[in-house]
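These notes are about the structure you will find just below.
What follows draws every value from the coordinates through simple rules; no lab data is involved. Predicted model, so just to flag it, every value in this text is computed and none were measured. Backbone-built Cβ (ideal geometry, glycine too); neighbour counts: all protein chains shown.
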């Protein structure tokens, strides 16, 4: 915590900073086992004429472990809809994994840095002193900078 009074002003300005080095969130591809996916094929709904009414081109993917459901019926072929649905399923599982990692990292951060307003020391340049808030003692700025103080 640094405290200073700018020239031409009587207001005190205090500044504090916390530097945190966080681990990066890995983006490893998610593996989806075929046994975990239920694929339902059905006829699409809406306009499209005879082809849409007779051919089962719509796809519904259900990822059993997570309960994620993806449906596709916009494409004209079943294979295109299946490919699109699988791509969206991979994206959804990847997003879920990243949000889980992010939540764990944020929880660790809040444990380490629980109170950003906590003061250890206040440097007062105008009076050339440092106040240790844990003990309430005051030190001359020169002594504190040279390490001639104890908590």
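Observations on the model:
- Relative contact order for the stretch 34-112, counting Cα pairs under 8 Å that sit 6 or more residues apart, in percent: 21
- Label-point separation, residue 30 to residue 134 (7 Å along Cα→Cβ), nm: 4.5
- The calculated Kirkwood hydrodynamic radius for the stretch 37-113 is 14.4 Å, given to one decimal from all distinct C-alpha pairs.
- Two-site FRET efficiency, residue 50 against residue 99, from Cβ-Cβ distance with R₀ of 41 Å, rounded to 0.05: 0.40
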